[in-house]
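The values are calculated or read from the model by the stated rules, or taken from the named source; none is laboratory data. Computed from a predicted structure; not experimentally measured. All Cβ positions, even for glycine, are placed from backbone atoms using ideal geometry, and neighbour counts span all protein chains on display. Ligands, DNA and RNA are excluded from the accessible area calculation, which covers all protein heavy atoms including side chains. Shrake-Rupley method; radii C 1.70, N 1.55, O 1.52, S 1.80 Å.
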Amino acid sequence: MKIAFVGKGGSGKTTLSSLFIRHLAAAGAPVVAIDADINQHLAAALGLDEDKASALPAMGERLRLIKEYLRGSNRRIASAETMIKTTPPGEGSRLLRVRENNPVYDACARTVELDGDAVRLMVTGPFTDADLGVACYHSKTGAVELCLNHLLDGRDEYVVVDMTAGSDSFASGMFTRFDITFLVAEPTRKGVSVYRQYKEYARDFGVVLKVVGNKVQGQDDIDFLRAEVGDDLLVTVGHSDWVRSMEKGRPPRFEFLEDANRRSLRVLQVAADATYELRDWERYTRQMVHFHLRNATSWGNERTGADLAAQIDPAFVLREGLVAAV
């Protein structure tokens, strides 16, 4: 299952995504965690110290390796240089799977131990001074989008992505790459403003969107969120001494997380698992092609000097059970 956490800056989406990752790992599920936020905090939220977090390999700096591997023997793609973030897979492309070992994971993923359990962590890399004036952060998150376009994940497998704050993910097609999107909202007008943007943008793309109310202090906060987002409110989360200790760099074992918050995490997992039956691989592939054609005409053809529409394999549908290319 592919799961996104979104929300405005400061809403607590990184904290909640890290708790959900810990919850899945504690249940024995295979997890790939990806930090696609411009502010790279997921590693710290998962317990890595500053030195280890800063030493994580950046996907954005290994984009050529990612492209070369995923391209495989796909004859529709002339070279890695002509691949852009929305390039879809086709016959001969290499695909990624959650449980496997492959050169992309070798180069970009690191194992993070969580109370005896483990997850794979991948990061886009921070936005640096060198990027100012010459690039935007979407060039870094493009590595994530390309990997998601080539990912085959099955039931009880999880890819959890901590997305950039606000509605920036709508600058690409990445917002359609998930089985479910959890929007973390505080019980304030600003807190629900991003929800309204997401709801409007995602309406035509079949995006499953659920709101997680965070920093909720009482029934009045719950009533406010319910009035603003209606049935999209899935669950609420309140104060956590466990989280406060984690933010101080002294997290207790995850088993000591408050019972109420553990129940909330189980609700998130149940909601994510339920979307498995809603999967429509043909629609998923069509959306991939839609955004690729849009990017090709707006900037991709000019930048690469190639007709990127020719990369589309009309007979190809990404779906479980495909045989891996070699």
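Key figures for this structure:
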quantity: Residue under evaluation GLY206, criteria (1) within 25 Å of the chain's Cα centre (by Cα); (2) over 30 Å from MET288 (Cα atoms); (3) modelled with pLDDT under 95, criterion not met; calculated: (2)
quantity: Qualifying helices (runs of 4 or more DSSP H) (wholly inside region 27-117; at least 2 residues being touching a strand residue (DSSP E or B) at 6+ places or on another chain (Cβ under 8 Å)); calculated: 42-45, 103-108
quantity: Wholly enclosed strands (runs of 3 or more DSSP E) of region 180-244 bearing at least 1 residues without any contact (Cβ under 8 Å) to a residue 60 or more places away in the chain and buried (at least 18 other Cβ atoms within 10 Å of the Cβ); calculated: 209-213, 233-236
quantity: One residue from TRP281, TRP242 being farther than 26 Å from ALA185 by Cα and touching a Leu at 6+ places or on another chain (Cβ under 7 Å); calculated: TRP281
quantity: Boolean, GLU282 is modelled with pLDDT of 95 or more, of a type outside the set (S, T, N, Q) and closer than 27 Å to ILE180 by Cα; calculated: yes
quantity: Where LYS85 falls short, out of the listed (1) in contact (Cβ under 8 Å) with a residue 24 or more places away in the chain; (2) among the basic types (Lys, Arg); (3) surrounded by fewer than 21 Cβ atoms within 10 Å (Cβ to Cβ); calculated: (3)
quantity: Out of ILE3, ILE38, sole residue that is in contact with a Phe, Trp or Tyr (Cβ under 7 Å, 6 or more places away or on another chain), open to solvent by 20 Å² or more (accessible area, probe 1.4 Å) and of a type outside the set (Phe, Trp, Tyr); calculated: ILE38
quantity: So GLU255, is it modelled with pLDDT under 95 and in contact with a Leu (Cβ under 7 Å, 6 or more places away or on another chain); calculated: no
quantity: Filter result (under 17 Å from the mean Cα position of the chain (by Cα) and either free of Cβ contacts under 8 Å to residues at least 12 places away in the same chain or open to solvent by 20 Å² or more (accessible area, probe 1.4 Å) (or both)) within region 88-98; calculated: ARG97
quantity: Selection count where residues are free of Cβ contacts under 8 Å to residues at least 40 places away in the same chain and more than 21 Å from ASP35 (Cβ to Cβ), scope region 53-73; calculated: 2
quantity: Flag for LEU318 being touching a residue at least 24 places away in the same chain (Cβ under 8 Å), within 30 Å of LYS199 (Cα to Cα) and open to solvent by less than 50 Å² (accessible area, probe 1.4 Å); calculated: yes
quantity: Flag if ALA45 is surrounded by fewer than 18 Cβ atoms within 10 Å (Cβ to Cβ) and aliphatic (A, V, I, L, M); calculated: no
quantity: Test result for LYS13, open to solvent by less than 20 Å² (accessible area, probe 1.4 Å) and in contact with a Gly (Cβ under 7 Å, 6 or more places away or on another chain); calculated: yes
quantity: Checking ASP307 against (1) open to solvent by 40 Å² or more (accessible area, probe 1.4 Å); (2) modelled with pLDDT under 95; (3) closer than 30 Å to PRO103 by Cα, the condition it does not meet; calculated: (2)
quantity: Total residues in region 165-179, condition crowded, with 24+ Cβ neighbours inside 10 Å and modelled with pLDDT under 85; calculated: 1
quantity: Candidate set from region 118-154 (those that are in a helix (DSSP H, G or I) and surrounded by fewer than 18 Cβ atoms within 10 Å (Cβ to Cβ)); member that is modelled with the highest pLDDT; calculated: SER139
quantity: Members of region 237-271 that are under 22 Å from PHE182 (Cα atoms) and in contact with a Pro (Cβ under 7 Å, 6 or more places away or on another chain); calculated: TRP242
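So that you can scan it fast, the table gives a plain yes or no per residue for (1) open to solvent by 50 Å² or more (accessible area, probe 1.4 Å); (2) without any contact (Cβ under 8 Å) to a residue 12 or more places away in the chain:
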residue: PHE256; (1), (2): yes, no
residue: ASN261; (1), (2): no, no
residue: SER264; (1), (2): no, no
residue: ALA272; (1), (2): no, no
residue: LEU278; (1), (2): yes, no
residue: ARG283; (1), (2): yes, no
residue: GLN287; (1), (2): no, no
residue: SER298; (1), (2): yes, yes
residue: GLU302; (1), (2): yes, yes
